[in-house]
Structure formats: C-alpha cells, structure tokens
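Written out below as structure tokens is the structure these notes cover.
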Amino acid sequence: MSKTFYETAAIDYANAAPHIGHVYEKIICDFLARFHRLDGYETNFVTGTDEHGEKIARAAKNAGQKPQAFVDYVSEKLFQPAYQRLLISYDDYIRTSSERHKRFVQEILRKVYEAGDIYYAEYEGLYSVGSERYVTEKELVGGILPGDSEPPVLRKEANYFFRMEKYRPWLVDYLHEHPDLIQPQAYRNEVLEMLKEPIGDLSISRPRERVPWGIPIPWDENHVTYVWFDALLAYVSSLASRGLFEKFWPYAWHVIGKDILKPHAIFWPIMLKSAGLPIYRRLVVHGHILAMDGRKMGKSLGNAVDPLALADKFGVDAVHYALLRDTTLGADSPFGEEVVAQRLNADLANDLGNLVSRVRTMLLKYCGGVLPEPSSPDSEMARAGVALAEKVRKEVDALRIHLALEEVLQYVRSLNRFINETKPWELARDESRKKELEDALYTVVEGLRIASVLLEPALPTKAKELRAALGLGDYTLAQTETWGLAPAGTRIPQEAPILFPKLEARPEPAPQAERPAADGLITIEDFARVDFRVAEVIKAEKHPKADKLLVLTLDVGDHTRQVVSGIAQYYTPESLVGKKLVLVANLKPAMLRGVESQGMILAGEDAQGRIVVVSPEKDMPPGTKIR
RNA sequence: GGCUAUGUAGCUCAGCCGGUUAGAGCACACGACUCAUAAUCGUGGUGUCGGCGGUUCGAGUCCGCCCAUAGCCA
C-alpha cells in the first residue's frame, strides 16, 4: 500500500463569515492530515471557497460590491485568516473564481460534452433563488420552500443538462463493489435508498444574462456553469493546477457535512466517471454541531458559539481537542464553552499538563535536570506505550477519533498512577535506591514522549511545547513504537510555562434563584422571572395524536408562537380563534406528543376538572406585558 | 405515509460473530499521598441496557410490533 494521502474539506460557500460548523469540519480534516503526515504518508490537504452562483451575486449586490470584490473579501479577510488563526494545516486553498480553477472546469466540461453526456433542453418550473434550484410543488409548504425566505418564482429557460440518470445503474453497482466508499455506513444506506428512484438529469448551466457570475460554458458564451458542477471540480483543479493530479488523486478522501451528501455521493462520482477520471476513495460524512441544549445553532437563535472567541479564550489546542474528543463523527453533537472548559481542565490540565509539571520538578530536584540512563528497558509502562500507536491507528482508521484520543488519555492516566505507586519522592530519600528512582522518572518521560506524539494531531502547538518542556524534539508515529528513544543525558529546561492553564467556562453564569423559602413564598424577583403576555389566538386545531390537546397559533405582537394546550375537552378550536389569552412567554419549549409547544396558556381547573382559560378583562393588544 | 440511523448510569460515550456479577471518562462523596496546575491515586451508586412480545439452555447483543429523536424520500 502506497503511503500517499489526499484529503479535502468541503469548500465553503463564500456568502458569509465562517461559523463553528465550518471550523468543526476543518479541524477533523486537520487531525486526519496531521495524523497521516506523522504516520509517514505523503499528504496533501485542500480546502477553499466556492465563490460563484446567484446567491453570491445577490449578497454582493446587497453589500454594494462587485461579485469579485465581495468574494475576495470573504475569502481573504474572513475564511483564510480564521483558518490560519486556528492552525488548519491545509496545503492549498482553492478558490473557484481563480483562473486555474476556471480553466480546469472548462476543460472537464468539454470532455463531458464530447463524451455526449451533455444536452440542451428547455425547462419550465418553479425556481427557488434561496436554494438555487428548481423545486416541485410537493416540496412547498404554504407556497414556500422550507428554509427559504421568499416563495419560488416561475421560470422558463433553456439549459444544458448532464445525463446523470444514465449512470445510475453504474453507480449502484459501484457502491456495492466498494462498500467502504461512504462512511459512516448509515449514509451509504441513505444514498442507496436515493438511488432506488430515478435521479433525473442535472441542470448544469444558467443563462448568462440572468446570472452573469459564473464560469462560461466553453462552447456557448450565453451560459455559465451551475454551481455544483463548478464547485465539486475544485477538489481536482487544486491538484491539477499544481501538477499533482497523478500523484494524489487516486488516494482522495472527501470530508463533508451530512447536508451535502447528495451532490458528493451521487453527482460527483458520476461526473468523474463521465469525465474519465478515477472515483475518490472515501467519502467521510460528519454531523452537525448543536447548541449545548441540543437544539440547532443559529445566529437568529442567539446560541451560536464563535470559534475564534473560543480560541482566544481557551487556546487553539483546546478547541481542536474538545471538538475532536466530544463529538462522534457522523452524529450531531452538542458543543459549547462548557465542553471546551471541561476538557481543557480535566484532560489537558489535570491529567496531561500536571503530569509534565510533576515529572519536570522531580527531574530538576532529584536528577540535576538531566534525563537519566534507564537500566531496565522492559516494563509494563513500556509495553503499553509501544503498543499504543497501533490502537490509535485502528480507531482513527475507523474514524472514531474521540476513542483514539481517549485511548491515549488512558495511558496518560496510567502514567500518573505509575508515579503514585513508585513514589519517587520516597526513593529519593534513600541513596541505595537511586537506580529505581532514575528508572521511574525515565519511564514517565518516555511515556510522555509517546503520548505527546500520538496527541499531536489534536494538539497542533502544545504537543511540541510539551516535549520541549522535557528537552525533547519531534518524532514520527513509528518512533512511538520503540521504547527508549528519549536520549539519556538530555537537559531538562529550568523554566517552562504552564502548558494548560485552567479556565472557568463562564465568568457570569447568572446565579439561579435560590430554592423557594420553607414557607412556600416566592420573592418578587422569582415572580419577575416569568414573562406573561397577552396573546391572540389566530389559529387553533386539534392535535393530530392526542384527544385532549389543541395546537394554538398565537399572535404575541411582534411574532407568532405555537403552543400546545390541554383544553380540547372544553374548547373547540373555532371558539378560541380571535380570543385574547395569557401566555407564559419564556417557558422552556417542550415537545408534546410530537408537536413543539413554545410556552403555555394560563387556565384554571375546578373541582369537577372543568378547565377555563384566563383572558384579559378588557381588550389589550397582543404582546402586552402582564405583571 | 415509506425508508434509514440512533435510544445503555446525572452528562458524553464503549460494549466484536448472543454466554459468566453490564463497562469507561466526566461530575459527586469519602479516603490516601505530597513530586505536581487545590493537581494525582484509591474506594463508592441506583442503571426497568426506550417499551411490549418472541426465538434460545441463555439476549443490551437476534426477530416482530410500538414509542421517542435525527434525517432521507415521497
């Protein structure tokens, strides 16, 4: 097996600033790239920005800029500096508006055209600008595509189409012949499921008069390339433009988010096949980062975490480590400051950093600051240490990065245990046991050398600093499989900064209200925490799965809310519409029989169990605060 | 509506082809120790292994149905 590794992170759509989701993916890739480099693979890691398309042209217009100026800004001032600050070790950054990319796309288009896989046809349908594609009636909810901000428009245009459907049987066979192509397996199943139905042909162009911002179709100046055909090819154009295609392309891994599975798992292999290029080796699909409460993260929800702020506060290494250790690839994972603080303090500061401190102090105190010559090369610690790399390789290969890291941390903990058991401070009091003391300290240093190398892909700066604090340099992964490579006689630096200073998650966690006093009375402050509002019922319907529940849509002044209420036995939906009620507006949302309830309606229940809702005595506008 | 995945201690997760008293880390409590970043090490718990039923000598692990969650398709 050739020791060559090519890896791509998805190229980011250049219409806004990078967020934690972008960063998460890049950090996964960075880990894999660094791991392979350490393991002796000739490695190339690429990412970039996807800069064409109608949406970007619009965003540029809104910003009062020409498209090129706009994407230059987003790519050069937002994405690249963020990734550099976060030490994402890409070898090339490919931008789809670059000349090298455009030339390559046109070359491939021509090839596919000449192979007879592109035809010209007229199409009329509903087009969503937000999603940059034609949509079907069935997809719409209330005349609008979920996720879009405006309804689709009727459009009729002649476009070029790529004969994708023709390749569907081939792709199904290919996936069966290559069961490991798409990972984790769940996503492979999903793709096979999609391929059971016709996938149709893919529109790959847009008329230039409408969308001037794109790569011209080489044989027809009146059309530009559609965004996916353009963007996916960046993975290859990066290599081709650097003369590295032959060398790296056959070993390609793509890392993507689950939201762009279809283009990567279906469009892309078929494009490659049609263009006569080899298919990539692996498609690694990761899940999304969620807010700490398990809900989606979003700027509008106000629960987004800023990756750069995290790095400023906790350090780049802690962000890498926490993101890798506390997420499961493929699944969605909650993430936030608490997670970083927790990992930084428990794993990095207490277990690892403190271990370095204690062994350094002892070497300086008991051995004159010089790494002693070990006398017994064989020990339990030694055997476990040299076996570690293989365990880690196995987990990384299975994309269980969080378990790979845990494997190393367990070894680190065993080193702490080893010190507690050998008690070097006692050995130091007895001159006749000097040999034992020296062996013990050497063992810990050597164990730390191994652990630091194995952690290096997740700790881009601190792993080196850790070794420097012990007077050691760099080693390859293979060099962790031999015990005793830390050279005896090495001078331990007199001074070394604390590797991982501990930090609190949040300086101002609002102290939760004390429990109610014994007399059952609450304070005025307790009461003030509840936000009561006047709300008008604008819609009411029966809960699809529960007899006692009604699903109400409420006007709360500046917005509407959906609230599920258990009053169906006493109120018909019709009787409620137009009524003004009292809403608890800041109640934590809950799922009631599968329907989300964003608050609750005040109502009283008498001894017979009859329920009566509370309503303002005189009319008040929706949204009015009640105290 | 159809399909897929997930559902294991408070939290995050591990449990391979079914087999002994179901595990780890974190958090919590107590103890030991002092070389160390009030660090480390040891000890400690209830877990209906989502629910119900089935196959089996035996199921967290297989099968069926149901529930919840995420997602895909229509």
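Determine if the stretch A:347-357 includes at least one residue that is more than 13 Å from RNA strand B (Cβ to nearest atom) and either modelled with pLDDT of 90 or more or assigned to a loop (DSSP other than H, G, I, E, B) (or both).
Going through the stretch A:347-357, the residues more than 13 Å from RNA strand B (Cβ to nearest atom) turn out to be none.
Checked the stretch A:347-357: no residue is more than 13 Å from RNA strand B (Cβ to nearest atom) and either modelled with pLDDT of 90 or more or assigned to a loop (DSSP other than H, G, I, E, B) (or both).
Cβ-Cβ distance below 8 Å, separation of 6 or more or different chains: which pairs start in the stretch A:184-197 with a residue that is charged (D, E, K, R) and end on one that is within 8 Å of RNA strand B (Cβ to nearest atom)?
A:190/A:261
Need pairs with beta-carbon distance below 6 Å; first residue within 16 Å of residue A:372 (Cβ to Cβ) and within the stretch A:416-428, second near RNA strand B (Cβ under 6 Å from one of its atoms); sequence gap 6+ or separate chains.
Once the first residue is within 16 Å of residue A:372 (Cβ to Cβ) and sits in the stretch A:416-428, its partners that are near RNA strand B (Cβ under 6 Å from one of its atoms) give A:424/A:362.
Residue pairs, Cβ under 8 Å, 6 or more apart or interchain, first in the stretch A:396-414 and touching a residue at least 40 places away in the same chain (Cβ under 8 Å), second more than 10 Å from RNA strand B (Cβ to nearest atom) and of a type in the set (S, T, N, Q). List them.
From residues that are touching a residue at least 40 places away in the same chain (Cβ under 8 Å), the pairs are A:399/A:183.
It is to be established whether one or more residues within the stretch A:77-89 are touching a Leu at 6+ places or on another chain (Cβ under 8 Å), hydrophobic (A, V, I, L, M, F, W, C) and more than 30 Å from residue A:279 (Cβ to Cβ).
Here is the first cut: in the stretch A:77-89, the ones touching a Leu at 6+ places or on another chain (Cβ under 8 Å) are A:82, A:85-86.
Imposing the further condition that a residue be hydrophobic (A, V, I, L, M, F, W, C) reduces the set to A:82, A:86.
Then drop every residue that is not more than 30 Å from residue A:279 (Cβ to Cβ), which leaves A:82, A:86.
Checking the stretch A:77-89: at least one residue is touching a Leu at 6+ places or on another chain (Cβ under 8 Å), hydrophobic (A, V, I, L, M, F, W, C) and more than 30 Å from residue A:279 (Cβ to Cβ).
Kindly evaluate residue A:97 against the criterion of being buried (at least 19 other Cβ atoms within 10 Å of the Cβ), closer than 23 Å to residue A:222 by Cα and modelled with pLDDT under 85.
Against the criterion (buried (at least 19 other Cβ atoms within 10 Å of the Cβ), closer than 23 Å to residue A:222 by Cα and modelled with pLDDT under 85), residue A:97 does not qualify.
Taking the conditions exactly as written (under 18 Å from the mean Cα position of the chain (by Cα) and more than 9 Å from RNA strand B (Cβ to nearest atom)), does residue A:319 satisfy them or not?
Yes, satisfied.
Among the listed residues A:379, A:375, identify the single one that is polar (S, T, N, Q) and surrounded by fewer than 17 Cβ atoms within 10 Å (Cβ to Cβ).
Values: A:379 fails: surrounded by fewer than 17 Cβ atoms within 10 Å (Cβ to Cβ).
Testing whether each residue is polar (S, T, N, Q) and surrounded by fewer than 17 Cβ atoms within 10 Å (Cβ to Cβ) leaves just A:375.
Quick test for you: out of A:215, A:256, pick the one residue that is away from RNA strand B (no atom under 16 Å from the Cβ), in contact with a Leu (Cβ under 9 Å, 6 or more places away or on another chain), modelled with pLDDT of 85 or more and aliphatic (A, V, I, L, M).
After applying the criteria, what remains is A:215.
Take the conditions in a helix (DSSP H, G or I), within 16 Å of RNA strand B (Cβ to nearest atom) and touching a helix residue (DSSP H, G or I) at 6+ places or on another chain (Cβ under 8 Å) and apply them to residue A:170. Does it pass?
No.
Name the single residue that is nearest to RNA strand B (Cβ to nearest atom) among those in the stretch A:388-440 being more than 23 Å from residue A:35 (Cα to Cα) and basic (Lys, Arg).
Top of the filtered list is A:417.
For the stretch A:227-274, which residues satisfy the criterion of being free of Cβ contacts under 8 Å to residues at least 60 places away in the same chain and over 21 Å from residue A:29 (Cβ atoms)?
Passing the criteria: A:243, A:246.
What number goes with the only condition from (1) in a helix (DSSP H, G or I); (2) surrounded by 19 or more Cβ atoms within 10 Å (Cβ to Cβ) that residue A:90 does not pass?
Single failed check for residue A:90: (1).
Hey, can you tell me all the residues within the stretch A:358-387 that are within 8 Å of RNA strand B (Cβ to nearest atom) and not hydroxyl-bearing (Ser, Thr, Tyr)?
Selection gives A:358, A:359, A:360, A:362, A:365.
Condition first: basic (Lys, Arg), under 35 Å from the mean Cα position of the chain (by Cα) and within 19 Å of residue A:483 (Cα to Cα). Can you find one or more residues in the stretch A:439-456 that meet it?
The answer is yes; a qualifying residue exists.
Condition first: assigned to a helix (DSSP H, G or I) and not hydrophobic (A, V, I, L, M, F, W, C). Now tell me which residues in the stretch A:271-292 satisfy that.
A:273, A:274
Which fully enclosed helices (runs of 4 or more DSSP H) of the stretch A:208-270 have 3 or more residues being crowded, with 23+ Cβ neighbours inside 10 Å and either touching a helix residue (DSSP H, G or I) at 6+ places or on another chain (Cβ under 7 Å) or of a type in the set (A, V, I, L, M, F, W, C) (or both)?
Details: elements: A:227-232, A:234-240, A:245-248.
Once the helices (runs of 4 or more DSSP H) in the stretch A:208-270 are filtered for at least 3 residues that are crowded, with 23+ Cβ neighbours inside 10 Å and either touching a helix residue (DSSP H, G or I) at 6+ places or on another chain (Cβ under 7 Å) or of a type in the set (A, V, I, L, M, F, W, C) (or both), what remains is A:227-232, A:234-240.
Of these, A:605, A:574, A:596, A:536, which one is modelled with pLDDT of 65 or more, more than 30 Å from residue A:311 (Cβ to Cβ) and in contact with a strand residue (DSSP E or B) (Cβ under 7 Å, 6 or more places away or on another chain)? Break it down into steps so the answer makes sense when it comes.
Working: A:605 fails: modelled with pLDDT of 65 or more; A:574 fails: in contact with a strand residue (DSSP E or B) (Cβ under 7 Å, 6 or more places away or on another chain); A:596 fails: modelled with pLDDT of 65 or more.
On inspection, the qualifying residue turns out to be A:536.
Condition first: touching a residue at least 24 places away in the same chain (Cβ under 8 Å), near RNA strand B (Cβ under 6 Å from one of its atoms) and over 28 Å from residue A:182 (Cβ atoms). Now tell me which residues in the stretch A:326-346 satisfy that.
A:342
Given the criterion within 16 Å of RNA strand B (Cβ to nearest atom) and under 17 Å from residue A:5 (Cβ atoms), identify the matching residue among A:283, A:239. Outline the logic, then answer.
Working: A:239 fails: within 16 Å of RNA strand B (Cβ to nearest atom).
Only one candidate passes the filter, namely A:283.
Out of curiosity, is residue A:292 within 13 Å of the chain's Cα centre (by Cα) and more than 8 Å from RNA strand B (Cβ to nearest atom)?
Considered against the rule, which asks whether it is within 13 Å of the chain's Cα centre (by Cα) and more than 8 Å from RNA strand B (Cβ to nearest atom), residue A:292 comes out as no.
Looking at (1) surrounded by fewer than 18 Cβ atoms within 10 Å (Cβ to Cβ); (2) under 30 Å from residue A:285 (Cα atoms); (3) small (Gly, Ala, Ser), which is the only condition residue A:341 fails?
Residue A:341 satisfies every listed condition except (1).
With under 30 Å from residue A:331 (Cβ atoms), at pLDDT 95 or above and under 33 Å from the mean Cα position of the chain (by Cα) as the only criterion, which of A:459, A:405 stands out?
A:459
The values are calculated or read from the model by the stated rules, or taken from the named source; none is laboratory data. Every value quoted in this text rests on a predicted model; they were computed, and no experiment measured them. Glycine also receives a Cβ, built like all others from the backbone with ideal geometry; neighbour counts cover every protein chain displayed.
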